[in-house]
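The values are calculated or read from the model by the stated rules, or taken from the named source; none is laboratory data. All of these numbers come straight from a predicted model, not from anything done at the bench. Cβ sites come from the backbone with ideal geometry, for glycine too, and all protein chains shown count toward neighbours. Note: accessible area is taken over every heavy atom of the protein model, side chains too, but ligands, DNA and RNA are not part of it. Shrake-Rupley method; radii C 1.70, N 1.55, O 1.52, S 1.80 Å.
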Amino acid sequence: MPTFANPDAAGIALKILIYSINYAPEMIGVGRSTGEIGAYLDENGFDVSVVTTPPHYPGWHARPPYSAWRYAQETRAGVKILRCPILLRTKIHGIWRLIAPLSFALTSAPVALWKMVTGRPDVVLCIEPTVFTAPAGLLSRLLGAHTVLHVQDLEIDAAFAVGHLKGDFLQKIAVAMESWLLRRFSTVITISEQMRKRLIAKGVEPGRIGLVRNWVDMTKIKPIAGDNAFRAELGLSREDFIVLYAGNIGAKQSLDVVVEAARQLTSTPGVHFVIAGDGPEKPRLVQNCAILPNVHFLPLQPEERLCELLNLADLHVLPQSSGAADLVLPSKLGGMLASGKPVLATADADTELFEVLYGTAILVPAGDSRAMAREIGILAREGSHPALGDGRKLAQIFDRENSLAKFAAFLRGQVSPGTEAA
């Protein structure tokens, strides 16, 4: 990997082009983390440009003043952003899991190539999802750019694992194409050790893979004492035991397990479930929970209320589809731990999520709503649980400053990916 001069020392900013389907001001997921990468790089002397879509996640629709149908440009946190059209629908299932990212790849490719030719970036940083932007991003190598892929989600594997896409033949073609593209990036950065192993299995050389875990700002997300405004808004008392899920509401989150656990606890006084967020599965969940008096819904919350929302919980729940367990490592985990509140996760013993949380969180098998309900009942009744440890202490491995500094070092070429420990 080439070593670039330190932009601050040389007085010449290293030019970075970020090519991503998600970016700020999206409040959760890949858009949030990629937006923080862009802002951090700008603050630390990089010259950053972005090619992306209008903000649309997790609801899969663009909100005013943005439009999904037109090109636009803006500057945010010092970063120059070009937004390209994307085909969207709120019911984003099946073939639409291909159509939406493919439409962005097609509308953005001319813009990205124009930025590469006219701006001559030193580094082109592509984000997966979506791998559909990789072909255009890789063309920058012809202009001498260093190509980096940040793998937040093994989207091809995950799409087949949760049933968005089906068919052995289609899967073989998609996996083969993905593998061919992955092997052509100069550096690949991912977020977990299990995802790193999967990338190696797909043919990426171990020495070209770096690991940077998703992060949380522990100065902003922290325990808060006293009354919580969300309890009052929901009509819940200080004595009620709140089980909270906050984040994307999609197929990979397997929230049916949480709903079924809530159904089993309807006769347990004072135990309430709050699902806060948005996503393609939310309308169905709201309908299914209409007869459950102990389940409440909140919309996606703005940044300034995130800490208070996470402190609403007496227990955070982190459900996940068993098929997608090691294909993603939920970015919401850091915030849960940093809040200082107990965490219950569905994680099988052979997964990285289990290994990371063992000794700190309550762990039940993926898909086991009966076990989830049982453990929630124990904690609500006893006020403690033998499986729980210090979440704030574990959250330090997701520290924002350390993770972003490490990411910037990879881009500068100051750290060789293969030498970095997880």
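Here the chain exposes an accessible surface that is 55 percent carbon and sulfur, computed with a 1.4 Å probe and the other protein chains kept in place. Shape class of segment 53-170 from the alpha-carbon gyration tensor: oblate, with a/c at 1.5 or above and b/c at least as large as a/b.
For the chain, the mean residue ellipticity at 222 nm estimated from helices alone is -10500 deg cm²/dmol, where every DSSP H run of n ≥ 4 contributes -39500 (n - 2.57) and the total is divided by all residues, rounded to the nearest 500.
Helices meeting the span-like rule in the chain (full DSSP H runs, Cα extent of at least 27 Å along the helix axis, mean Kyte-Doolittle score of -0.5 or higher): 96-119. Longest stretch of the chain clear of exposed loop sites (chymotrypsin sites (Phe, Trp or Tyr not before Pro), DSSP loop, at most 14 other Cβ atoms within 10 Å, sites excluded): 72-357. Using every pair of distinct Cα positions in segment 236-345, the Kirkwood expression returns a hydrodynamic radius of 14.2 angstrom. Note on segment 170-252: the C-alpha convex hull projects to 9.3 nm² when averaged across all orientations.
The mean of 1/r over all pairs of different alpha-carbon atoms in the chain, once inverted, gives a Kirkwood hydrodynamic radius of 22.1 Å.
Sort segment 19-116 into rounded, prolate or oblate with this rule: let a ≥ b ≥ c be the square roots of the eigenvalues of the Cα gyration tensor; rounded if a/c is under 1.5, and if a/c is not under 1.5, prolate when a/b is larger than b/c, oblate otherwise.
prolate
Return one whole number: the accessible area per residue of the chain in Å², for a 1.4 Å probe.
Result: 41 Å² of accessible area for each residue.
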